[in-house]
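Okay, structure first, notes after.
The values are calculated or read from the model by the stated rules, or taken from the named source; none is laboratory data. These numbers come from a predicted model, not from an experiment. Cβ placement follows ideal geometry from the backbone for every residue including glycine, while neighbour counts extend to all protein chains displayed. Side chains are part of the model used for accessible areas, which takes the heavy atoms of the whole protein and leaves out ligands, DNA and RNA. Shrake-Rupley method; radii C 1.70, N 1.55, O 1.52, S 1.80 Å.
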Amino acid sequence: MYLKILKKTLRYSLVFIGLLIAGLFLWLNFGVYTFTNSAERNAIITEIENAPVLPKRFLKIYTKLNREEMDRNVYAWFLNWANGHNYSQPHIDASAEWTMIYRMGQMENIAAMAFFLSKNVSKEECVQFQSARIDFSHNCIGVEQAARYYYKKPLSSLNDDELIGIIAMYKNPSLFNPIGNKRRFKDRVQTFKEKFKKTD
């Protein structure tokens, strides 16, 4: 009798887990259609595609210094997030910004939007989109303004070390700032330079 109850419980548990996984898969792949309309989806794709084009050298250095996030797809990000690891990924970063503004930033919406973006825009396009919007402090919005403010040159004229400096600020400009936190900025730039040399 106990064996029958155990088998029945196990069967129901497996069915429940299967339905849960199927529901999760459907939400991640199609959930975006439940909280956005066609105009909103087209608008974010257009906005990302029309972001200012970054110099190839910037993208090359950024990719080398952030190899893990650039290699990671949204499925890998989701599995890591589900296991308690909060890693970055370009589609997630672009999705988070949009959903924070328009949809209160619920994690399930961020994930669903990121899966949608991964099918429509590249990681590089997402980096370009983000790069134009980051607040680098001192009224500098985006990498182009940051280059002109901190290095007195356009982004396309920066050398490798200067590009590394901009990328060093990228994730947290207020914490790693050559004016507000010189020591911290210098240490981070040095770490990035060593990392960059290893990847060459």
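One line per residue, one yes/no per condition, for (1) surrounded by 14 or more Cβ atoms within 10 Å (Cβ to Cβ); (2) touching a Gly at 6+ places or on another chain (Cβ under 6 Å); (3) part of a loop (DSSP other than H, G, I, E, B); (4) not small (Gly, Ala, Ser):
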site: His85; (1), (2), (3), (4): no, no, yes, yes
site: Asp93; (1), (2), (3), (4): yes, no, no, yes
site: Phe115; (1), (2), (3), (4): yes, no, no, yes
site: Ser137; (1), (2), (3), (4): yes, no, yes, no
site: Gln145; (1), (2), (3), (4): yes, no, no, yes
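Restricted to segment 35-59, and to residues there that are over 19 Å from Lys123 (Cβ atoms) and of a type outside the set (D, E, K, R), the residue that is surrounded by the most Cβ atoms within 10 Å (Cβ to Cβ) is Thr36.
Within segment 147-161, count every residue that is open to solvent by 30 Å² or more (accessible area, probe 1.4 Å), touching a residue at least 12 places away in the same chain (Cβ under 8 Å) and of a type outside the set (Phe, Trp, Tyr).
In the first step, residues of segment 147-161 are kept if they are open to solvent by 30 Å² or more (accessible area, probe 1.4 Å); the result is 148-154, 156-157, 159-161.
Next, from what is left, pick out any that are touching a residue at least 12 places away in the same chain (Cβ under 8 Å): 149-151, 156, 160-161.
This time we only want the ones that are of a type outside the set (Phe, Trp, Tyr), so: 156, 160-161.
Residues meeting the conditions: 3.
Across segment 68-83, the number of residues qualifying as in a helix (DSSP H, G or I) and either open to solvent by less than 70 Å² (accessible area, probe 1.4 Å) or modelled with pLDDT under 85 (or both) comes to 11. Going through (1) over 30 Å from Val189 (Cα atoms); (2) open to solvent by less than 40 Å² (accessible area, probe 1.4 Å) one by one, Phe25 falls short only on (2).
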